[in-house]
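Read the figures in this text as sums done on the coordinates, not as results from a lab. Being a predicted model, the structure only gives us computed values, none of them experimental. Here Cβ is always computed from backbone atoms with ideal geometry, including for glycine, and neighbour counts include all displayed protein chains.
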Amino acid sequence: MTEGEQSKPNDSATAEQEAGERPEEDSAQQEPDREAEEPHDHHELLDRLQARRLAQQFATQWASLRAERRAEPSPLQGGPSNTRKAQVPWGLDLAAAWSWRLLMIAVALLALLWLSAYFVVVTMPLVIAMLIAALTAPMVRWLRKIGIPRSISALLVVIAGVGSIGALLTFVGREIADDYSELSVQVVSGLQEIRDWLRDGPLHASDSQINDWLERAQQAITERSKDTDVVGQVTEVGAALGHLVAGFFIVLFATYFFLAEGERIWSWAVRMFPRSAQERVDSSGRVAWVSLTHFVRATVIVAFVDAAGIMVVAILLDVPLALPIGVLVFLGAFIPMIGATIAGSVAVLVALVAQGPWTAVLMLIGVIAVQQIEGHVLQPFLMGRWVSVHPLAVILAIACGVVVAGVAGALVAVPLVAVVNAVVHHLASFVEAVEEVDDAVHDALQGPQQGAQA
């Protein structure tokens, strides 16, 4: 080894010794300084540490709040929507579907009934005019066949109808005026016969009891007349007469236009429906009109038979006012099943006060016999042949009509049921025909496929 190489290790060893000695001297010199910087009070040190910690927490929270305020909104993430059907039992789903549909139909019907009742001064004359037009339409067609224009034919039919009704009312009024004096005498004698029957008959009522009953009846009538407002009664009578006059003219004009321009009016109504449904609406309306015409014809025949039968019984029993009773029965028979019976009870009452209880009993038997002939012969033959409506449906329709609109509702209910029944059968046959066509098309398409597979 050379001398230079030997001196290098010695120099490095000397540097390491000096480096090892200097830190000890520096640490020895710094220890007194740190001891001098340390606080003499321990509580002061804890307060400083706690204050520093709180300051750091506050700075951290403030920084996070500022970062949240300045942060950009997260991007919207789209995805498929859940459009699957609710997992409910099939029966519950079917019941819910039927329920809300039935509720909507009921609400629509109630709204229609409310509007009809609110505008009854207009709707009822229109319905009556429609019934008259259905009855007199064959006369207009006959006049057109002989060369008279449709408008003039309709005008002649309306004038003839008004004239016939006026002549009938005039004749009935004369009959009532002629028989009034005789009827008053017969009423007095009839009341005396009723008193004698109550005293000598099965009731064995005394004169004091009979007089007490009569006094009670008179007192009830007197109290009822006192309780009512005379001004209110006069106002109601005036309003009723005004409505009657207005309804009469509405019936006249509506009947004329139904007969003269019925096709144009119906075409205008059909155009209000969508084009895809116009054909079905038109065919349904024509079926409804045919059903209404058949119903009115059958009702007129039944009413004429009822009126003639009860009038003949009244003439045979020498009951006064036989012709007015027949007219009343004819008008009442337009309410099927019960109208003629209620009108016939007037004949029984007239027979009771005019000729006594025995004649009234015979009159009642005659009314019942006529009603039995009507109910078991005419109604099944005519209504069953022309208008297929079950008697139970007729009774229910009359009851609903009376509840909704009184006598007018009973008059309209049965024709409405007949029309609805005819339209429903027509649409059902149309659906069946469409289903048959679909089945035929399906079979025709399945045939080549089966042949190809074979």
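Could you tell me the calculated FRET efficiency between residue 156 and residue 103, based on Cβ-Cβ distance and R0 = 45 angstrom, to the nearest 0.05?
The calculated FRET efficiency here is 0.35.
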- request: Place a +1 charge on the Cβ of each Lys and Arg in the stretch 277-432 and a -1 charge on the Cβ of each Asp and Glu, then give the dipole magnitude about the Cα centre in debye, rounded to the nearest 20.
  value: 80 debye
field: Karplus 3J(HN,Hα) series, Hz, for the stretch 147-160 with 6.51 cos²θ - 1.76 cosθ + 1.60 (x for Gly, Pro)
entry: x, 8, x, 5, 5, 5, 4, 4, 5, 5, 5, 5, 5, 5
task: Could you go through the stretch 269-279 in sequence order and give the Karplus-derived ³J(HN,Hα) for each residue, using 6.51 cos²θ - 1.76 cosθ + 1.60 with θ = phi - 60°, rounded to whole Hz, and x for Gly and Pro?
output: 5, 5, 5, 6, 8, x, 4, 5, 9, 5, 5
query: If you rank 272, 139, 311, 363 by fewest surrounding Cβ atoms within 10 Å, what's the result?
result: 272, 139, 311, 363
task: May I ask you to compute the full-extension gain from residue 393 to residue 87, defined as 0.36 nm times their residue separation minus their alpha-carbon distance, rounded to one decimal in nm?
output: 106.1 nm
- prompt: Applying the Karplus parametrisation 6.51 cos²θ - 1.76 cosθ + 1.60 with θ = phi - 60° to the phi angles of the stretch 317-326, what ³J(HN,Hα) value in whole Hz is obtained for each residue in order, glycine and proline being reported as x?
  reply: 8, 6, 7, x, 6, 5, 5, x, 5, x
